[in-house]
1. Consider Glu200 carefully, then state whether it is in a loop (DSSP other than H, G, I, E, B), open to solvent by 50 Å² or more (accessible area, probe 1.4 Å) and more than 23 Å from Cys121 (Cβ to Cβ).
2. Does the stretch 69-105 hold any residues that are touching a helix residue (DSSP H, G or I) at 6+ places or on another chain (Cβ under 7 Å) and open to solvent by 40 Å² or more (accessible area, probe 1.4 Å), and which are they?
3. Which pairs do you get when a residue that is closer than 12 Å to Leu26 by Cβ, found in the stretch 215-238, comes within reach of a residue that is of a type outside the set (Val, Ile, Thr) and open to solvent by 20 Å² or more (accessible area, probe 1.4 Å), reach meaning Cβ atoms under 7 angstrom, with the pair 6+ apart or on two chains?
4. It is to be established whether one or more residues within the stretch 154-172 are of a type in the set (A, V, I, L, M, F, W, C), under 26 Å from Ala34 (Cβ atoms) and open to solvent by 30 Å² or more (accessible area, probe 1.4 Å).
5. Looking at the stretch 181-202, is at least one residue under 24 Å from Gly231 (Cβ atoms), more than 12 Å from the ligand (Cβ to nearest atom), free of Cβ contacts under 8 Å to residues at least 60 places away in the same chain and not charged (D, E, K, R)?
6. Which ones in the stretch 96-140 are away from the ligand (no atom under 16 Å from the Cβ), more than 19 Å from Arg74 (Cα to Cα) and in a helix (DSSP H, G or I)?
7. Could you tell me how many of the residues in the stretch 30-47 are crowded, with 24+ Cβ neighbours inside 10 Å and among the small types (Gly, Ala, Ser)?
8. When you scan the stretch 46-91, how many residues do you find that are in contact (Cβ under 8 Å) with a residue 12 or more places away in the chain, within 13 Å of the ligand (Cβ to nearest atom) and either closer than 20 Å to Ala132 by Cβ or assigned to a helix (DSSP H, G or I) (or both)?
Amino acid sequence: MRGLNGKTAVVTGAARGIGKSIARKLAQHGAEVAIVDVHPQAEKTLKEFEGLGIAARLYRANVARQAEVAETVRRIVKECAAPPTILVNNAGIIRRGTIFDLTYEDWQAVLDVNLTGTFICCKELIPVMVQAGGGQIVNVSSVAGKIGDISAAPAYGASKGGVNALTKSLARQLAEHNILVNAVAPHAIETEMSAEWDEEKRTAIRNSIPLKRLGRAEEVAETVLFLVSSGAAFITGEIVDVNGGFLMD
Ligand SMILES: NC(=O)c1ccc[n+]([C@@H]2O[C@H](COP(=O)([O-])OP(=O)(O)OC[C@H]3O[C@@H](n4cnc5c(N)ncnc54)[C@H](O)[C@@H]3O)[C@@H](O)[C@H]2O)c1
């Protein structure tokens, strides 16, 4: 018996990386998955999923644009078998630069996607979940949301701190609607986003992690799967660390 049978899950930023693993995992456990992404690789991912016999649909939309997300949600509701009751806000970007050289444009771009994009997807999907009788939202945050960014990306850390606060605010507001809102806070996961790290940085990161290795996207996906499963029915407003022990709070 696959626990997510008959459910529709929306996963943003699932063309690659952590989001792709999450989408695959939820689909393998029975959910019909709606991928929302802007990446050119998205079609390839969909083909790969089809090859695995996975039910997924692709919706090209920028999470930072309210009108695009609203139209996408209308289409998802119309085209998927069940109303979407699982939302994973995973789409994210990073722009590096200290306070001396980070531009206003970069600051705004990061806040737009990581924080406002999360808000927009919640805003557009929550009424659907309320009408369906409940749901689960999982936001993909970062260790940077708890301790600030450690690699000169202040906008990124601030955006994820905002995601954490939004997670808790919505968890309180939506409890009466049977909607659970949690986040995962990964650190040092092997993806295209982290591929920019050179070997010296990788070694330093590995050495700073008690488990002495980088994490895998699959390991974040497993945590998200747990948070949307019936086993997590009494968990809301939680920011779950997936970081090999790097931060223990
Ligand atoms: N990789 C890590 O070590 C790490 C650590 C902590 C948190 N995270 C978070 O995990 C999430 C996924 O990261 P990743 O490493 O897989 O990154 P990635 O760059 O490999 O994938 C991000 C995906 O989001 C999509 N995306 C970006 N902007 C978008 C937009 N405006 N609208 C729709 N889709 C958009 C991209 O096209 C891409 O497919 C992000 O939120 C990131 O901040 C990653």
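The values are calculated or read from the model by the stated rules, or taken from the named source; none is laboratory data. Everything numeric in this text was worked out from a predicted model, so none of it was measured. Because the Cβ atoms are built from the backbone with ideal geometry, glycine has one as well, and the counts that use them run over all protein chains shown. Surface accessibility is based on the protein's heavy atoms, side chains included, excluding ligands, DNA and RNA. Shrake-Rupley method; radii C 1.70, N 1.55, O 1.52, S 1.80 Å.
1. On the way: in a loop (DSSP other than H, G, I, E, B): no; open to solvent by 50 Å² or more (accessible area, probe 1.4 Å): yes; more than 23 Å from Cys121 (Cβ to Cβ): yes.
Answer is no for this residue.
2. Matches in the stretch 69-105: Val77, Pro83, Ile93, Arg95, Ile99.
3. Note: pairs meeting the criteria are Leu225/His29; Leu227/Gln136; Val228/Gln136; Ser229/Gly3.
4. Here is the first cut: in the stretch 154-172, the residues of a type in the set (A, V, I, L, M, F, W, C) are 155, 158, 163, 165-166, 170-171.
Retained after the next criterion (residues that are under 26 Å from Ala34 (Cβ atoms)): 163, 166, 170-171.
Imposing the further condition that a residue be open to solvent by 30 Å² or more (accessible area, probe 1.4 Å) reduces the set to 166.
Yes.
5. Scanning the stretch 181-202, I find at least one residue that is under 24 Å from Gly231 (Cβ atoms), more than 12 Å from the ligand (Cβ to nearest atom), free of Cβ contacts under 8 Å to residues at least 60 places away in the same chain and not charged (D, E, K, R), so the answer is yes.
6. Of everything in the stretch 96-140, just one residue is away from the ligand (no atom under 16 Å from the Cβ), more than 19 Å from Arg74 (Cα to Cα) and in a helix (DSSP H, G or I), namely Tyr104.
7. Count: 2.
8. Residues of the stretch 46-91 that are in contact (Cβ under 8 Å) with a residue 12 or more places away in the chain, as a first pass: 46, 49, 52, 54-66, 69-70, 72-73, 75-77, 79-91.
Remaining after also requiring within 13 Å of the ligand (Cβ to nearest atom): 46, 58-66, 69, 72, 88-91.
Retained after the next criterion (residues that are either closer than 20 Å to Ala132 by Cβ or assigned to a helix (DSSP H, G or I) (or both)): 46, 59, 66, 69, 72, 88-89.
Qualifying residue count, the stretch 46-91: 7.
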